[in-house]
Amino acid sequence: MKIRLLAGLLALGLAAGCGGATVETSPSAAPSKGGGGASSAAGTVKIAINPWVGYEASANVVAYLLKNELGYTVELPEIKEQLAWEGFETGDVDVIIENWGHPDLKKQFIEEKKTAVEAGSTGNKGVIGWYIPKWMADKHPDITDYKNLNKYAGLFKTSESGGKGQLLFGDPSYVSNEAALIKNLKLDFKIVTGGSEAALIKGAQQAQAQKKPLLFYFWDPHWLFSETELVRIKLPEWTEGCDADPKKVACDYPEMDLDKIVSKKFADTGGKAYELVQNFNWTNEDQNAVADDMTNNGLSGEEAAKKWVEANTAKWQAWIPK
Amino acid sequence: MSSTTISASAGIRVPRWAAPAVISVLFVVTYLAFRGTGTLPHDSEAPQFAAVTELREWIDDHRNDNPLFLYFLNYIRLFVGGVFTLFQSALLALGWPGLIGVMGGLAWLAGGWRVALLAVAGTASFGVLGLWESSVDTLALVTAAVLLSLAIGVPIGVWAGLSRRVRRMITPVLDVMQIMPTFAYLAPLALFFHIGAPAGTIATMIYAIPPAIRITALAIEQVSPTAVEASASLGATRAQTLFKVYLPLARSTMALAVNQTIMMALSMVVIANLISAPGLGSDIIRGLSRAQVGIMLPAGVAVVVMAVMLDRMMVSVARRDPHARIGRPGLLAAALLAGAGLVLTRILPPEWPESLTVNLVSEVNDVVLWAETHWYDVTTFVKDTTSTVLLNPLESLFTSAPWWLVAAAVLLVAWRVSGVRPALTALGCLLAIALLGTWEHSMRTLTTVAVAVLVTLAIGLALGVAAARWTRFSAVQRPLLDAAQTMPAFVYLLPALALFGTTRFTAIFASVIFAVPPVVRLVEDGIRSVPATVVEAAASAGSTPGQLLRKVQLPMARRAILLAANQGIVMTLAMVVVGALVGAGALGYDVVLGFSQRTDFGMGFVAGVATVLLGVMLDRITQGADNRRPSPQRRKAP
């Protein structure tokens, strides 16, 4: 009886498979929808979607323009940063639209393997730092200076921090100097590895809502800032070269210029799509507006991109290759 | 651990308590004397890790030099991708009314009108939830993965059930497949199989095949030897015995194998999305990056609905009397249902109409926010108490004890409970963990895993016994178990994070939810398989229900309960990585780190191996209770 069911399923699959082939091939063969007078044979661009909203905002705006202004088909494979870099080599990924530093990956894939190339700044500035909920800064105004953190370490104790103050860290793929900072600034704190962005977001939300102490690693641009009030801790100021030796870092994170990375193949054969990606450049405010629509106003990535594109014609027209 | 476990076993064997008591005292004294020495602290730059990282780089650089390897893997990818595309395009070509009708028709053939009703409602709910396309992708991927897994797993399982030697050879492989965290090999997997649906299907299969093999083997092994002997003495050939005796008699337990394969496949939906496999996992990740349960819950519900639907269909096929034929009305009804759907596909719009979807994102978010705000004080208290009373002392005991003392304790306990061979295996695993340079983190993970397994077994036994005794309880409980096992953990982890914070407690909470269902099912199945005649005999001899349970049912269901304990351990270890995403740290975090940072690949992979070794060790310590008193069945095993 089981065999009969399986046979039925298979027969159905085969029968529909023939019809299905057309379903599959039709989108790439047909001209793209909309189309500002662009040709239908422009090709396909694969922009990796790394799992944070700011990234999705940038990717969706570029994808929207590629589709509707240049007539490309765009695929948005969802994939973690590491694998996206490797995807350049296998041909699964053409573009990473927002890269946070990653000097190790740049060295390996751009310099050694030569499968990736840099495609310029996105104009977004990334700021990494240590944050506390705003109520703490209101109650203890001097807490925002790292020199006073030890005085308040007791407040930050949790069941996980083994008697010291807790510094909550996030996803292990993030850039991190935390261990060296704690050691070199002689802070009485222990890093507790949250393991994910969600752990940080939920921690921050509860800390502000429930008035609970929390010291945590976070970064801007992020949609959370439009919802929860956070205050940054002042660490010793960043100076050129102060973070050269990862073990001796005793200074704040530098402001990071977020940039775009594309596969070598795309750089060579991408044509106008590559030019558009190269020209793409906007501000943190632009990105936050799109990200906020996607997070808090329930818009899909494509809807949010459309809204921004319609309101900012002058900005994006400069990106469109002549 | 040393002192508590030893004294516990001392309590059981009262007449010979003196020796264990002395040994326990000895352990306590040794621990106090040597505490803090020989603790093998963690070094993230250990040469073992670097060696693995280099090996991976070497393979990366040379994988294109070896055409055989490359072509072989390429063909696997093409084949699996082909099967997926076949299902995907078939399901899409049917259109939504067509798919609803066809699912209903197939379900009617499988199990009559009730199952058909479930299938129609279930399939329609994908559209109502506003997730039609992702659901179809997931359905195609899971169907492909499950059918391929069963095609591979059932024959191997039958073989393993018939031959003890095969079973012994294959068990470590299954342990690795099931316990090795997917994250530890996901990156290289993506290199060989690329990203996307085929790679996602393969990752899913690696995880879904082991239960298919294990439970099929158990089903075959449980077949009464008298029936086999009778068949052999009547002159049946081996093939006849297999098809006419073993398989029909093993049917009900094999249905469980199908069930678990589906559940496992669906539990991989989110991880498959990390290598860009299409489907509902993408909605879950989207909700996660926005920290909104409202986005994740519908996708989670769709996964659960799919699980329940597929499970009921497959199981009713497996359970039905093999000689019964489907009546003409049944065939007619099924054909009508499917036909109606296909006709409607031509008439109705190709996309699911938006007016028929229900959007509850903000409502769900509000409810979750309310719970997060109002339960916080209570949940924090529970978390803090558990951590202070149980987790922290246990962890400091494990991490401050010298490694040789822990090894000695494991050896003695395993020897006492399971005998020499398992004890040596357990010791070997522990020493390998030390040599791999993962001692400290393994001890931390062991703490959370031990607590989670104990809680899981306690809850699982209680619920399983209750389900075996009261049919109605079992019926009510079943969909809840399905939901607990297949609901992607992140859906309930977000509120758990808000309520319990980023802690080991949250990780334990998640793994208990995930690991309880198979334990309950296996215990229930085991108690139910106790022959009715034995139960009646005991009852007529004047046993109370309690005595019946303790003296007859539980002892006779020993094998199933041991398998339940084993699966409880395996499932808990499978959650080590998810636990690390919410604060469990240790081995799971190393694995995630290895997945995220290329330079730490070695540490992640080694941590994955250490997780497997921990699992095998725990398994060997616990499994052997059975070996001490070999059952007559075992000796006669063919």
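Read-outs: derived from the displayed coordinates by stated rules, not from any lab. If you're wondering where the values come from, they're calculated on a predicted model, not measured in any experiment. Here the Cβ is made from the backbone with ideal geometry for all residues, glycine too, and neighbour counts use every protein chain on show.
Sequence-ordered 3J(HN,Hα) estimates for the range A:166-174 from the Karplus curve with 6.51, -1.76 and 1.60 and θ = phi - 60° stand at 9, 10, 8, 10, x, 5, x, 7, 6 Hz, glycine and proline given as x. Ranked from largest, the principal axis spans of the Cα set of chain A equal 71, 63, 42 Å. Shape analysis of the range A:143-193 based on the Cα gyration tensor places the equivalent ellipsoid semi-axes at 18, 14, 9 Å, largest first. Between the C-alpha center of the range B:561-613 and that of the range B:76-155 there is a gap of 31 Å.
Short-range pairs are left out: with C-alpha atoms under 8 Å and at least six residues apart, the relative contact order of chain A is 24 percent.
Computed from backbone phi, the HN-Hα couplings of the range A:203-215 come to x, 5, 4, 5, 4, 6, 5, 9, 6, 10, x, 7, 10 Hz, rounded to whole numbers (Karplus: 6.51 cos²θ - 1.76 cosθ + 1.60, θ = phi - 60°; Gly and Pro given as x).
Considering only alpha-carbon pairs that sit under 8 angstrom and 6 or more positions apart, the relative contact order computed for chain B is 21 percent.
Rg of the Cα atoms in chain B, relative to 2.2 N^0.38 Å, amounts to 1.00. When only alpha carbons of the range B:472-551 are considered, Rg and Dmax amount to 18.3, 54 Å. Within a straight-line Cα-Cα reach of under 26 Å, A:LYS247 can be paired with the following lysines, leaving aside sequence neighbours fewer than 8 residues apart in one chain: A:LYS106, A:LYS107, A:LYS125, A:LYS147, A:LYS151, A:LYS157, A:LYS164, A:LYS183, A:LYS186, A:LYS190, A:LYS234.
A cut-off of 5 Å between modelled amide H atoms, ignoring neighbours fewer than 5 places along the same chain, links A:SER196 with A:ASP171.
Taking 7 Å steps out from each Cα toward its Cβ at B:ALA121 and A:LYS265 produces label points 4.9 nm apart. Overall, the anisotropy analysis places the range A:58-215 in the prolate class: the square-rooted eigenvalues a ≥ b ≥ c of its C-alpha gyration tensor yield a/c not less than 1.5, with a/b exceeding b/c. Derived scalar couplings between HN and Hα for the range A:246-262 equal x, 7, 10, 4, 9, 9, 5, 6, x, 5, 9, 8, 6, 9, 10, 10, 10 Hz in order, rounded to whole Hz, by the Karplus curve 6.51 cos²θ - 1.76 cosθ + 1.60 (θ = phi - 60°), x for Gly and Pro.
Estimated at 0.36 nm per residue, the fully extended path between B:THR226 and B:ILE347 surpasses their Cα-Cα distance by 37.6 nm.
Which whole number in µm²/s is D for the range B:427-478 by Stokes-Einstein, with the Kirkwood Rh taken over Cα pairs at 37 °C and 0.692 mPa s? Taking Rh from Cα pairs, D becomes 243 µm²/s. Once every Cα of the range A:97-172 carries one equal point scatterer and solvent is ignored, give the base-10 log of I(q)/I(0) from the Debye formula at q = 0.17, 0.20, 0.22, 0.25 Å⁻¹, two decimals. Cα-only, vacuum Debye calculation for the range A:97-172: -0.80, -0.92, -1.03, -1.23. Fewest-first ordering of A:ASP243, A:ASP268 by other beta carbons within 10 Å of each residue's beta carbon gives A:ASP268, A:ASP243.
Count Lys and Arg as plus one, Asp and Glu as minus one, and take only other residues whose Cβ is under 12 Å from that of A:ASP104; the net charge is then -1.
Under 5 Å from the amide H of A:LEU167 lie the amide H atoms of A:LYS190, A:ILE191, A:VAL192, each residue being 5 or more positions distant or on a separate chain, with H modelled from the backbone and absent for Pro and chain starts.
Think of it as helices only: each DSSP H run of n ≥ 4 in chain A is worth -39500 (n - 2.57), and spread over all residues that comes to -11500 deg cm²/dmol at 222 nm. Near the amide H of A:THR122, within less than 5 Å, lie the amide hydrogens of A:LEU258, A:ASP259, A:LYS260, all on another chain or at least 5 residues away, with H placed in the peptide plane. The range B:249-401 gives an Rg/Rh value of 1.12, both radii derived from C-alpha positions and Rh following Kirkwood.
Relative to the longest principal axis of the Cα atoms of chain A, the long axis of helix A:2-29 makes an angle of roughly 90 degrees. What number comes out for the charge environment of A:LYS46, summing +1 per Lys or Arg and -1 per Asp or Glu over other residues with Cβ under 10 Å away? Around A:LYS46, the charge tally is -3. Counting charges near A:GLN208 (Lys, Arg +1; Asp, Glu -1) among other residues having Cβ under 15 Å from its Cβ returns a value of +2. Please report the spacing between the Cα centers of the range A:235-254 and the range A:105-166 in Å, no decimals. Measuring centre to centre over Cα atoms gives 13 Å.
Calculated on the Cα set of the range B:507-602, radius of gyration then Dmax: 20.1, 68 Å. Dividing the convex hull volume of the alpha-carbon atoms in the protein assembly as shown by its residue count gives 183 Å³ per residue.
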